[in-house]
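Notes follow the structure.
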Amino acid sequence: MQMNMNLYSRDDKMFVYMNMFLIAMFTLSTLYPFIYISALSLSSGFIATSGQVVLTPVEMTLVAYEMVLAEPMFWISYKNTFIYTVGGTIVSLLIVIPGSYALSRPQLIGRRFWNLAIAFTMWFNAGMIPFFLNMRDLGLLDSYFGIIIGFAVNAFNIILLRNFFEAIPKSFEEVARMDGANEFQVLWKVFVPLAKPAIATITLFCIVSRWNGFFWAMVLLRDDEKIPLQVFLRQTITTLSDDDEFASSLIESVYSFETVSATIMVCSIIPVLLVYPWIQKYFNKGIMMGGVKE
C-alpha cells in the first residue's frame, strides 16, 4: 500500500522521512555483518589480515572455501550439527508442547506451584559445575544423546506456548469434548493446529539455539567425531595458529585466520537463512499472542 504524502502536513512528512531513514540505517547495520563476513571469506589472506576489506571482496579468491570444503572434519561436524539441531528440536517440541498444555489447564493440581517453579529456573540455576557433574553421573558425557536431551527444555518457550494455549477460546475445547475427544485428542487435534504461530516461533528458537550451540558441546564432548560445527570452527583456528605451513601461507597471501573463519561462518549461516523465511510468517504472530496473557 502506497502512502499519499500530499495528505500529510510538513511536520508529518518530516516524521515519516525520519522514520524511513532510521529504519533503512537499522536494516543496513543488521545486514552489514553478513555482507562483511561474506566479503572477507572471498578475499585474499593478506588483504583480509591487513583490514582492507570493508564492503566487497578485494583480490577475490576461493582458496579459503577450497581448503574448508576439502576438510573431512568440516563435513563430519556439519552432520553432527544437523543431528543435534533436528534431534534436539524434535525432542524439545515433544516435551514443551504437552508440558505447556498441561500448565495451561485450570484443573491441573498444583498449577500455580508448577508455573512458579518453571519461571524460577529462568533466573536461578544450579551453576555450571553442578550441571556438569549431573551430566557425568547420568552417563551423558561425550554422547549425542547427552547434547540432545540435556538441553531439551527452555522455560521461556514453555511460558510462551502456555500463554498462547490460555488465549485460545474455551469454545473450541468444549466443542471437541462434546464430540467425545479426550485430553490427547484435544491437544493434538484442537490446540496444536490453532497454535501453529507459537509452535513455529518456538521451533525457530530451538533451531537457532541448537545450531549455534558451542560452549556445552565443547565441555561435554571429547570425541572429535561428535563435535558440532561451532566447536570445529574453534579447533580450526587453534590448530592453524600452531601450524608453520599455515604461517608461511600468510606471506604468500593465500588465506588467513580471518578468511578461513569467515568461510566456516558463511557455511554455517546458510541453513538458518534458508529455514527462516519459511517460519518468519508465523514469527510475529506467535510472539504477540504468546507473550501477552489475557
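Each value in this text was obtained by applying a stated rule to the coordinates, not by laboratory testing. No experiment lies behind these values; they were computed from the predicted model shown. Ideal geometry is used to build each Cβ from the backbone, glycine not excepted, and the neighbour counts take in all protein chains shown.
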Which distance in nm do the two modelled labels at residue 178 and residue 105 give, with both placed 7 Å along the Cα-to-Cβ direction? 2.1
Can you classify region 22-92 as rounded, prolate or oblate using the Cα gyration tensor, where a ≥ b ≥ c are the square roots of its eigenvalues, rounded means a/c under 1.5, and otherwise it's prolate if a/b beats b/c and oblate if not? oblate
How many lysine pairs are close in region 73-291, with Cα atoms under 21 Å apart and the two 8 or more places apart or on different chains? 7
Quote the relative contact order of region 4-158 in percent (integer), defining contacts as alpha-carbon pairs under 8 Å separated by 6+ residues. 18
Amide proton proximity set for residue 142, modelled H, under 5 Å, gap of 5+: 221, 222
Listed peptides 160-169, 219-228 by packing density, highest first (mean Cβ within 10 Å): 160-169, 219-228
Positive end of the dipole of the chain, charges at C-beta (+1 Lys, Arg; -1 Asp, Glu), about the Cα centre: which of 50, 117, 89 has its Cα farthest in that direction? 117
Just want to confirm a number: the relative contact order over the chain, from Cα pairs under 8 angstrom separated by 6+ residues, in percent. 31
For the chain, what does the alpha-carbon gyration tensor say about shape, rounded, prolate or oblate, given a ≥ b ≥ c as the root eigenvalues, a/c under 1.5 as rounded, and a/b over b/c as prolate? oblate
Ranked packing of 70-77, 177-184, 129-136, 192-199, most packed first, by mean Cβ within 10 Å: 192-199, 70-77, 129-136, 177-184
Simple spin-label estimate for residue 73 and residue 142 in nanometres, 7 Å along Cα-Cβ: 1.6
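List the DSSP H helices in the chain whose Cα atoms stretch 20 Å or more along the helix axis and whose mean Kyte-Doolittle hydropathy is at least 1.0.
In the chain, the long hydrophobic H runs are 72-104, 196-211.
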Helical contribution to [θ] at 222 nm, DSSP H n ≥ 4, -39,500 (n - 2.57), averaged over the chain, rounded to 500: -23000 deg cm²/dmol
